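So the structure is just underneath, and the comments pick up after that.
The values are calculated or read from the model by the stated rules, or taken from the named source; none is laboratory data. Because the structure is predicted, anything quoted here is derived from the model rather than measured. As a convention, Cβ positions derive from the backbone with ideal geometry for all residues, glycine included, and neighbour counts pool all protein chains shown.
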Amino acid sequence: GTGRPAHSEALAVLDRVFGYEAFRGEQEAIIEHVVAGGDAVVLMPTGGGKSLCYQIPALVRPGTGVVVSPLIALMQDQVDALRALGVRAGFINSTQDFDERRVVEAEFLAGELDLLYLAPERLRLDTTGDLLSRGKISVFAIDEAHCVSQWGHDFRPDYLALSLLGERWPDVPRIALTATATRATHREITERLVMPRARHFEASFDRPNIQYRIVPKADPKKQLLSFLTQEHAGDAGIVYCLSRNSVEKTAEFLSRNGIEAVPYHAGLDAGTRAAHQARFLREEGLVVVATIAFGMGIDKPDVRFVAHLDLPKSVEGYYQETGRAGRDGLPSTAWMAYGLQDVVQQRKLIQTGEGDEAFRRRAAAHLDSMLALCETVQCRRGQLLAYFGQEPASGGCGNCDTCLNPPETWDGTVAAQKLLSTVVRLQRERGQKFGAVQIIDILLGRRTAKVIQFDHDQLSVFGIGEELSEGEWRGVVRQLLAQGLLAVEGEYGTLVLTEGSGSVLRREREVPLRKEPKKTVASGAASGG
Ligand code: ADP
Ligand code: ZN
């Protein structure tokens, strides 16, 4: 050692190696704690600067910092970037051949590596354990630590083996890092990785420069186009779609309409994907239309918008994806179009997809939280922060659609009763279940072929909902679903009652609903009248 306090040594490395003048937020406290040999659990949003939290301790402490990361595809890039800064870094994963691995192993054993990135499945191998015990380790960093949680959607069984690190190397500090964790996952990380003495660091999840907006979906591609031309002409951004097909179609549509856009999804060959990603990073105003395969580990500071044309599966996913906007701190927009069909489709995916009952229940709970965020009449940011267990500012954030343009509400109690009693009648009197389209046709008194086929014009509820438009009825269905007063099930998305439905039917509760915008204005509630 130089005899300097750990703190100023860390600061010197920050400046000399990384070229930064000051630590950000909690970085300083975290690094100081780990350099001194303490364990840490770090919860920091994407772009918050997690990497330095283990890279600097690895450089300051004697030995090699071992980084466990599931993002194998990114290791080469990470290592290249570090080497460009003069940091001695290497990785071991399944993409290497035997000789490449031997070189890295030799460097590690010779004490010539500052950082060694490892894929989690390597740690199960005895050979890896032997290798590590023959070298000197400065710190273990467990990146994407939420992968240890069976509650999350990123669960990796290999992460469970990481609990052994503390037993085998009791004197080596461990730092677990994640951007996607609720309080419950945070606790689970601590327990499963067995880090009882770890200090917890929790950076704020607030991204004040991101404006959150969620608009009802009508003609999504057109809505997107007006959003882009009116507010983000010439800006770089990401548009997320659920399927490869809609990625392709949307990218084509934007290109045809004068916006430079390229597709990105797992069905494209690796060369095309790499080329599109490279263009996105290099160029100033490119739009990437992508499935969620795109974005992990991408560090582009000036992404001005993230748009969702389909509903993310969870609030964590939404937060992570929208978090790719505005890392430079400048104003950016998180825009989403969301409709009833999204709910039906996602429920169907959950019910017909793989996974056991417990898995389905969790997926459904994730979706419910996402729906609640979509349908809230309160501050979106407040709801997001509350979801992550953080206290939101009272009185709203002033930078989301519901704050900027408070949604009008109306008393939807009678409408809800009409809709629910239609569901009840069909089920009790006919033993039938139907999806939203048929229920709404009945309420509107439409004699469609399917209504005639099932004699639904004979029901006493036929035509009792003519005071609302079809769009408004879809809004009622969506909001009842989000409030848990109605449920959708099965392959055909049939509507069924929930425990909560009864209280509405018995007139025990009121049902305030958000007003649907009269016309689907381009950017929806925030810019529309
Ligand atoms: P995370 O892993 O939390 O998503 P990164 O570690 O990739 O975030 O950091 C995000 C960006 O912020 C990177 O470009 C990084 O170089 C930059 N950064 C991190 N810490 C600092 C700092 N103290 N000063 C300036 N830039 C920083
Ligand atoms: Zn707000």
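What the table shows:
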{"item": "Filter result (touching a residue at least 12 places away in the same chain (Cβ under 8 Å), within 16 Å of ligand 1 (Cβ to nearest atom) and more than 27 Å from TYR387 (Cα to Cα)) within the stretch 278-332", "result": "PHE280, LEU281"}
{"item": "Residue within the stretch 86-99 that is touching a strand residue (DSSP E or B) at 6+ places or on another chain (Cβ under 9 Å), of a type outside the set (Gly, Ala, Ser), more than 16 Å from ligand 2 (Cβ to nearest atom) and part of a helix (DSSP H, G or I) present", "result": "no"}
{"item": "Residue that is within 18 Å of LEU131 (Cα to Cα) and of a type outside the set (Ser, Thr, Tyr), where the choices are VAL66, VAL87", "result": "VAL66"}
{"item": "Yes/no for VAL139 being part of a loop (DSSP other than H, G, I, E, B) and modelled with pLDDT of 95 or more", "result": "no"}
{"item": "Search result, residues across the stretch 391-403 that are farther than 14 Å from ASN209 by Cα and of a type outside the set (S, T, N, Q)", "result": "GLU391, PRO392, ALA393, GLY395, GLY396, CYS403"}
{"item": "LEU340 vs. criteria away from ligand 2 (no atom under 16 Å from the Cβ), under 30 Å from LEU495 (Cβ atoms) and touching an Asp or Glu at 6+ places or on another chain (Cβ under 6 Å)", "result": "no"}
{"item": "Only one of SER226, SER163 that is among the small types (Gly, Ala, Ser) and farther than 24 Å from GLY37 by Cβ", "result": "SER226"}
{"item": "Lone unmet requirement of (1) in contact with a strand residue (DSSP E or B) (Cβ under 9 Å, 6 or more places away or on another chain); (2) surrounded by fewer than 19 Cβ atoms within 10 Å (Cβ to Cβ); (3) at pLDDT 95 or above; (4) hydrophobic (A, V, I, L, M, F, W, C) for VAL60", "result": "(2)"}
{"item": "Residue list for the stretch 401-418, restricted to those being among the charged types (D, E, K, R), more than 16 Å from ligand 2 (Cβ to nearest atom) and either surrounded by 16 or more Cβ atoms within 10 Å (Cβ to Cβ) or free of Cβ contacts under 8 Å to residues at least 12 places away in the same chain (or both)", "result": "LYS418"}
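Results for (1) under 26 Å from LEU330 (Cβ atoms); (2) surrounded by fewer than 15 Cβ atoms within 10 Å (Cβ to Cβ); (3) more than 16 Å from ligand 1 (Cβ to nearest atom), shown as yes or no for each residue.
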{"position": "CYS379", "(1), (2), (3)": "yes, no, yes"}
{"position": "LEU385", "(1), (2), (3)": "yes, no, yes"}
{"position": "GLY396", "(1), (2), (3)": "yes, no, yes"}
{"position": "ARG430", "(1), (2), (3)": "no, yes, yes"}
{"position": "ILE440", "(1), (2), (3)": "no, no, yes"}
{"position": "ARG447", "(1), (2), (3)": "no, yes, yes"}
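Here's the yes/no breakdown for (1) in a helix (DSSP H, G or I); (2) touching a strand residue (DSSP E or B) at 6+ places or on another chain (Cβ under 6 Å); (3) within 16 Å of ligand 1 (Cβ to nearest atom); (4) not aromatic (Phe, Trp, Tyr):
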residue: ASP154; (1), (2), (3), (4): no, no, yes, yes
residue: ALA176; (1), (2), (3), (4): no, yes, yes, yes
residue: ARG187; (1), (2), (3), (4): yes, no, no, yes
residue: ASP206; (1), (2), (3), (4): no, no, yes, yes
residue: GLN211; (1), (2), (3), (4): no, yes, no, yes
residue: ILE214; (1), (2), (3), (4): no, yes, no, yes
residue: LYS222; (1), (2), (3), (4): yes, no, no, yes
residue: THR250; (1), (2), (3), (4): yes, yes, no, yes
